[in-house]
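Undergrad: Quick one: structure below, then a few questions.
The values are calculated or read from the model by the stated rules, or taken from the named source; none is laboratory data. Quantities reported herein were computed from a predicted structural model and do not represent experimental measurements. Counting neighbours? That spans all protein chains shown, and the Cβs are built from the backbone with ideal geometry, glycine included.
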Amino acid sequence: MTRVLVTGGSGFIGRHVVHALLADGRDVVVADRHEHPDLRTVVGELEDPEVRERAVVDDVDAIVHLAAETSVLGSVEHPARVHRVNVDATAALLELARQRGVEAFVLASTNAVVGAYDGTFTEGVPLAPLTPYGATKAAAEMLMSGYAGAYGLRAPALRLTNVYGPGMREKDSFVPRLLKAAARDTGVQVYGDGLQRRDLVHVEDVARAFVMAVDDWPSGPTIVGSGTSVTVLDMLEAARAATGRAIPAEHVRPKPGEMPAVVVDVSRASSLGWEAAVSLTDGMATAWADLRSQLLSPAPT
């Protein structure tokens, strides 16, 4: 697998995946809405057939497909848009991969494909998405399964948990909210008692999983997470330790429908040779160092 096309390669996860692939000796091409600062980029929307034609050329050995509409709320408000990006464009990329002899197609998926689940998430839990976003990712996984079965395309789908780490300045999930509050000496809101449990996985561990998936992971879903769920209060304490800031917390009314716990089984990934290596404490420190340098650096003169 010498040449890899990374869609969404200029984004948060994408930049780390690109870096990991380059470090592993791969030739990488990026397709994204935004120019990658260091690599040749096919700039444009993947819903555009001309952009896809320029991206999936005959010498591409593998595709890592990260480009997607990922906002759950946005998918509820604009389901047709999310379907075009996450399903239609994925189907078109798969067809180009078939036509041009691409050997592997690796998808960034999510445990949202199974919706709310009262138990430990495994790859065998039936698909039952509760939002258009989750439904589009489930549809993409099924398309990949069809191409793997009919054409022999190797098509791993990495179901990612909550990914965090350097490069989150534009994100609005809880970890960057914590770190931005620390940088600005403000506080954060905590929904309910803060005992909700989530699985956080560092973006460097995720990038390593994608490199391994490009190499030889089999078709089908694999959960990629730390395998250790932590509470919202644990995240708050880790952020306080990493930043040395108080980060006051205001407890507010719980959000309707919020899952009390996300617990995942990562044994399949472990059987493929992957383990999460970055602890929450160390990972929070890397995210803080990156975000602090951006938010607290002096303005250019």
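Undergrad: Go over the candidates T110, T122, T131 one by one and state the one that is at pLDDT 95 or above and farther than 30 Å from T2 by Cβ. Full working, then the answer.
TA: Working: T110 fails: farther than 30 Å from T2 by Cβ; T131 fails: at pLDDT 95 or above.
On inspection, the qualifying residue turns out to be T122.
Undergrad: Just wondering, is there one or more residues in region 36-55 that are assigned to a helix (DSSP H, G or I), under 20 Å from F210 (Cβ atoms) and of a type in the set (A, V, I, L, M, F, W, C)?
TA: The answer is yes, given that some residue of region 36-55 is assigned to a helix (DSSP H, G or I), under 20 Å from F210 (Cβ atoms) and of a type in the set (A, V, I, L, M, F, W, C).
Undergrad: Another question, if that's okay. Has region 67-84 got any residue that is surrounded by 16 or more Cβ atoms within 10 Å (Cβ to Cβ) and in contact with a strand residue (DSSP E or B) (Cβ under 6 Å, 6 or more places away or on another chain)?
TA: Within region 67-84 (the criterion being surrounded by 16 or more Cβ atoms within 10 Å (Cβ to Cβ) and in contact with a strand residue (DSSP E or B) (Cβ under 6 Å, 6 or more places away or on another chain)), the answer is yes, since at least one residue qualifies.
Undergrad: Something else now. When you scan region 1-27, how many residues do you find that are more than 18 Å from L96 (Cβ to Cβ) and assigned to a strand (DSSP E or B)?
TA: Of the residues in that region, 1 qualify.
Undergrad: In addition: Name the single residue, out of those in region 164-196 being crowded, with 17+ Cβ neighbours inside 10 Å and either of a type in the set (D, E) or under 16 Å from A261 (Cα atoms) (or both), that is modelled with the highest pLDDT.
TA: V190
Undergrad: Please verify whether region 200-218 includes one or more residues that are outside the structural domain of A287 (by TED's automatic domain parsing), part of a loop (DSSP other than H, G, I, E, B) and in contact (Cβ under 8 Å) with a residue 24 or more places away in the chain.
TA: Looking through region 200-218, at least one residue is outside the structural domain of A287 (by TED's automatic domain parsing), part of a loop (DSSP other than H, G, I, E, B) and in contact (Cβ under 8 Å) with a residue 24 or more places away in the chain.
Undergrad: For A246, indicate whether it is small (G, A, S) and either touching a strand residue (DSSP E or B) at 6+ places or on another chain (Cβ under 9 Å) or crowded, with 16+ Cβ neighbours inside 10 Å (or both).
TA: Answer is no for this residue.
Undergrad: Now for a different question. What number of residues within region 91-111 are closer than 21 Å to A207 by Cβ and crowded, with 16+ Cβ neighbours inside 10 Å?
TA: Step one: list which residues in region 91-111 are closer than 21 Å to A207 by Cβ, which gives 93, 102-111.
Then keep just the ones that are crowded, with 16+ Cβ neighbours inside 10 Å; that gives 93, 102, 104-111.
Qualifying residue count, region 91-111: 10.
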